[in-house]
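Trainee: I have a structure I would like to understand better, so I am pasting it below and will then ask my questions one at a time.
The values are calculated or read from the model by the stated rules, or taken from the named source; none is laboratory data. For clarity, every value in this text was computed on a predicted model and none was experimentally measured. Note: ideal-geometry Cβ built from the backbone for every residue, glycine included; neighbour counts use all protein chains shown. Each accessible area value is taken on the protein alone, full model and side chains, heavy atoms only, with ligands, DNA and RNA left out. Shrake-Rupley method; radii C 1.70, N 1.55, O 1.52, S 1.80 Å.
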Amino acid sequence: DLVSVGTVGAWGIYVDPTMGNGCLISAEFEDGSDVRIGFDRDAGTGYMMAANAAWEGIEEGTEYPIGLDLDGEVYEGKGTGYILDDLPGVSITFDTIDFLMDVAAKNTLTLTNDAGPVMVIDLADSEAALLQAIECQDNQG
């Protein structure tokens, strides 16, 4: 259901009609991870969704303690399990622009759970992509 509005490097910029026409960036990585970072206009929040076929055992709606490490700056939170197109993942909601700006300014994002790191991605071009997503969001009215 996503509507493409452009690309920056590995990141696609999209509008998601199911989230109040919120804009997002999305990329697939070499480890099989699929990551989306965007705005849920209906809820008035931001989110990050990370999914990977190797993450067996994730249950839809279950909360999981997670850590997000951005070049050594660690955010602790909870991710809610989901299954999208048979791909298990977690959705993390945030209500502060600080996290979004850290993603834009950093080089590497590491997602951890109780067992340790489960995903490490390169954030190359994320700043330019997020700036385009913010511009996209401004254009949604």
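Trainee: Determine the share of the chain's accessible area contributed by carbon and sulfur atoms, expressed in whole percent, with a 1.4 angstrom probe.
Mentor: 46 percent
Trainee: Among 49-62, 117-130, how do they line up from the highest to the lowest mean number of other beta-carbon atoms within 10 Å?
Mentor: Final packing ranking: 117-130, 49-62.
Trainee: Also, quick follow-up: Give, as a single signed number, the net charge of other residues whose beta carbon lies under 11 Å from the beta carbon of D69, with Lys and Arg counted +1 and Asp and Glu -1.
Mentor: Summing Lys/Arg as +1 and Asp/Glu as -1 gives -3.
Trainee: Assigning unit charges at the beta carbon (Lys, Arg +1; Asp, Glu -1) and nothing else, what dipole magnitude in debye, to the nearest 20, does the chain show about its Cα centre?
Mentor: Magnitude of the dipole: close to 260 debye.
Trainee: Per residue, how large is the accessible surface of segment 58-127? Use a 1.4 angstrom probe and give square angstrom.
Mentor: 55 Å²
Trainee: Right, next: Using Cα pairs under 8 angstrom and six or more residues apart, how large is the relative contact order of the chain, in percent?
Mentor: Over the chain, the number comes to 22 percent.
Trainee: How big is the Rg/Rh ratio for segment 1-67, C-alpha atoms only, Rh by Kirkwood, two decimals?
Mentor: The Rg/Rh ratio comes out at 0.99.
Trainee: Could you sort K78, K106 by their accessible area in this structure, using a 1.4 Å probe and putting the largest first?
Mentor: K78, K106
Trainee: If each DSSP helix of 4+ residues adds -39,500 (n - 2.57) and the sum is divided by the residues in the chain, what number results at 222 nm, nearest 500 deg cm²/dmol?
Mentor: So the helix-based figure for the chain works out to -4500 deg cm²/dmol.
Trainee: Output needed for the chain: three equivalent-ellipsoid semi-axes, defined as square roots of 5 times the C-alpha gyration tensor eigenvalues, in descending order, whole Å.
Mentor: Rounded to whole Å, the semi-axes are 22, 17, 15.
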